Every structure is written in C-alpha cells, then in structure tokens.
Amino acid sequence: MSGRMRTARRAGLVLLGALTLTQLQGCFLLGAAAVGGTALVATDRRTTGSQLEDQTIQIKAASRISQALGGQGSVSVNSYNQQVLLTGQVPSAALKQLAAQVAADVPNVKSVANEIEIGMNESLTDQANDTYLTSKVRAAFIDDKALYSQAFMITTCDGVVYLQGLVTPAEGAEAAAVASGLSGVKKVVTLYQTISPAQLENNYSGQVSTPQPPPGNPPAASPKPSTP
C-alpha cells in the first residue's frame, strides 16, 4: 500500500471515529470544530481559547447530566462560544428542567437553550436521518457562495435543525433560508450570536463571502476608453 493510500485511509478512520463520537447521545452535530484538526481551528470564528472552553463545557455538562438523569432519556450537549444547546428526549418536564439546571451550573456557561423534547428516545432510524440532514445542510452551506460555512455549528434532532454561530444578520437569514428549503427539514431554530458587517470586515477579513451575480446577469463590462 502506497504512502498516499495509507494517509487517506488513516484520515478516513479518524473522521469516522470523530463522527461516531458526535452521535453517541442521539442528535447529530456538524460544526466548524466537530471533527477537530488544526485547519478547522484556524478557520473558526471563535478564538482558540473559546473552542477549547466549549469542548470542556460539552464534556463536563454531558457527564453531569447523564449522572443526574440516572440513565433516563438521551440528552446531547453542544456548546458554541459558551452558549449551550441541549437537545434530545427525556420522559418528564422535571427531568428536562433538571438537565438545564445542571448545564447552567457548569463553569463558564453563559446561557442554555433547552430544546429537549419530552417523550421517548429517537430510534436508530431517526438518528441516521438526523445525521443525513446535518450533512445535507452543511453541503448546502458550502455550495452557497453568500455563506462562510465554517461560521456555523449545525445540530439536527428529530428533523429539527439548530444553527449556532458568530454571524451577521444577513448571513444568519441566508443560512436559515437555505436550511429551511431542504427536503426533510421540519423546522429551523436559530441561536446566533450576531456581529455587525463592520466587525466581520475588521475581525474576520479572510472569511468574508463574495456574493455571486444572479444567473443570466453577468457583470457589466468596463467601458473602453475612447480613442482621441
């Protein structure tokens, strides 16, 4: 086996392992740092310190919630810039409230969006569908030239797509519209942390998307200088 083939195989195994870890609690996440790696850290709008803090929050909150619930229900924890999103299912409103309180008590958590549903856990088929939808949304964001796809963290649970990120109002609206238009998506919930166009230009100059002209309307050619 050539060195190139070994490298590709190794990368595939790492990606598979990382994707498997993100699905252990049911709902499926795919964000700028979901599979790790130096390149993904560099292209994320969060600082490196914030990304590391989010990983710490996710691990601590998931562990503490699991202990508090005593094996009842299935709750996923995703943190973006210290904003925690809880998704999944629990059998009662009291357990839903308990999970939120446990997450809020984790150090450095700024806010908690409690989107846990009361009911039975998702089936394996539903989980597979969430995985597919999250990948589908990510691919659509990559294809949309008006979006910087790595600015968004995407979580799907029971067909509902949750969007987090540091984005401008225009970016947020475009992303929500794109995700809402995909087949299979029941609803889109936005949990953005908004930045201004000036902040985007000044702080993330390498991540400004270039809007493309609409089909059939090529940009006008520059007028030729007249000859004397």
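Throughout, read-outs are computed from the coordinates displayed, never taken from laboratory work. On a predicted model such as this, the values are computed, not experimentally measured, just so you know. Quick reminder, even Gly has a Cβ in these numbers, built from the backbone with ideal geometry, and neighbours come from all protein chains shown.
Numbers below:
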{"item": "Cβ crowding within 10 Å averaged over residues, with 123-129, 69-75 ranked highest first", "result": "69-75, 123-129"}
{"item": "Potential extension, Tyr204-Asn108 segment - 0.36 nm per residue separation minus Cα distance", "result": "32.1 nm"}
{"item": "Amide proton proximity set for Ser79, modelled H, under 5 Å, gap of 5+", "result": "Leu85"}
{"item": "Per-selection Kirkwood Rh - the range 81-153 (Cα, Å, 1 d.p.)", "result": "14.5 Å"}
{"item": "Whole-Hz ³J(HN,Hα) from phi, Karplus 6.51 cos²θ - 1.76 cosθ + 1.60, for the range 115-131, glycine and proline x", "result": "10, 5, 9, 9, x, 7, 4, 5, 7, 4, 5, 5, 5, 5, 5, 4, 4"}
{"item": "For the range 25-207, radius of gyration divided by Kirkwood radius, i.e. Rg to Rh on alpha-carbons", "result": "0.96"}
{"item": "Burial ordering of Asp144, Asp105, fewest other beta-carbon atoms within 10 Å first", "result": "Asp105, Asp144"}
